[in-house]
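The values are calculated or read from the model by the stated rules, or taken from the named source; none is laboratory data. None of the values given here were measured: they were computed from a predicted structure. Here the Cβ is made from the backbone with ideal geometry for all residues, glycine too, and neighbour counts use every protein chain on show. These accessible areas exclude ligands, DNA and RNA; they are computed on the full protein's heavy atoms, side chains included. Shrake-Rupley method; radii C 1.70, N 1.55, O 1.52, S 1.80 Å.
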Amino acid sequence: MWRGPGQVKKGRKMRDHDRFETLVWIMDRLRDPDEGCPWDREQDYASLRGYLLEECYEVAEALDRQDLPALREELGDLLFQIVFLSRLAQEERAFTAADVVRGISEKMIRRHPHVFGSATAETADDVLRAWEEIKRREKRGRSGGPPKSVLDGIPRALPALLKAQRLGTKAARVGFDWPDDSGVLDKLREELDELREALQSPDEARADEEIGDLLFTVVMLARRRGVDAERALEAANRKFVERFRHIEDELARRGVPLEQAGAELLNEIWDAAKRDG
């Protein structure tokens, strides 16, 4: 049974706030039907889904900014959502927060036999290959048969760019990949040519499909180069925002309304911002 802050000896109360059990105790109190919080008592799996995703993105934003104080806070908010969802499951007698901790601890030990067992792994690639094989064995054990696909296990809700990189990584681990980067560049040129043809076609769906193929191939090149495609695109987004704001500031300095500047002037200021870095 979890030990709440009120159950610790005097003088150790503040130190007890460091304990995971205390967070679980807080959640238990918030969900208490008599003494809990009306808002927390009303939440369910569906209502918490949005908060969970929001906290994940706030963690990612703190990572992108390399803001460690913010990261500490956002990780706490994310951990709270995990405890909240575990509490809902406990109320349905499905599992508890302790089961979640136990499950991930056992999984990490089981999937790192080169650390906690007698197996060996010299490189990160060795680790990933072993990880996937252990994962496949676990799934066979649960289902009673082999998995339907090596691509199983990628969440459907992942952002498309990240999902593409995960799909390519899983396929490459079983040998489905280009032998070198030149093959991907050839594929990029092929997809670009097909897109040019599609744009001349009255079939709009064909152009949409070719744009998707081109994006997917770019992500495959990023994967092969060890580039996080999601992070690379976000960096490009930030660069675009900075340069476009420079355009707005420069137009304001000149007294020219943005809507009246025209493409030639906009591109002129953009190129100047690009040259200035």
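Considering every residue within region 123-136, establish whether at least one is of a type in the set (Lys, Arg), farther than 23 Å from Asp228 by Cα and either touching a residue at least 60 places away in the same chain (Cβ under 8 Å) or outside any helix (DSSP H, G or I) (or both). Checked region 123-136: no residue is of a type in the set (Lys, Arg), farther than 23 Å from Asp228 by Cα and either touching a residue at least 60 places away in the same chain (Cβ under 8 Å) or outside any helix (DSSP H, G or I) (or both). Being out of contact with any Lys or Arg (no Cβ under 6 Å at 6 or more places or on another chain) and open to solvent by 40 Å² or more (accessible area, probe 1.4 Å) is a property that does not hold for Leu195. The number of residues in region 237-268 being open to solvent by less than 50 Å² (accessible area, probe 1.4 Å), assigned to a helix (DSSP H, G or I) and small (Gly, Ala, Ser) comes to 1. Evaluated against (1) over 29 Å from Arg31 (Cα atoms); (2) part of a helix (DSSP H, G or I); (3) open to solvent by 90 Å² or more (accessible area, probe 1.4 Å), Ser118 falls short on exactly one condition, (2). Restricting attention to region 84-94, the residues being surrounded by 13 or more Cβ atoms within 10 Å (Cβ to Cβ) and farther than 15 Å from Cys56 by Cβ number 5.
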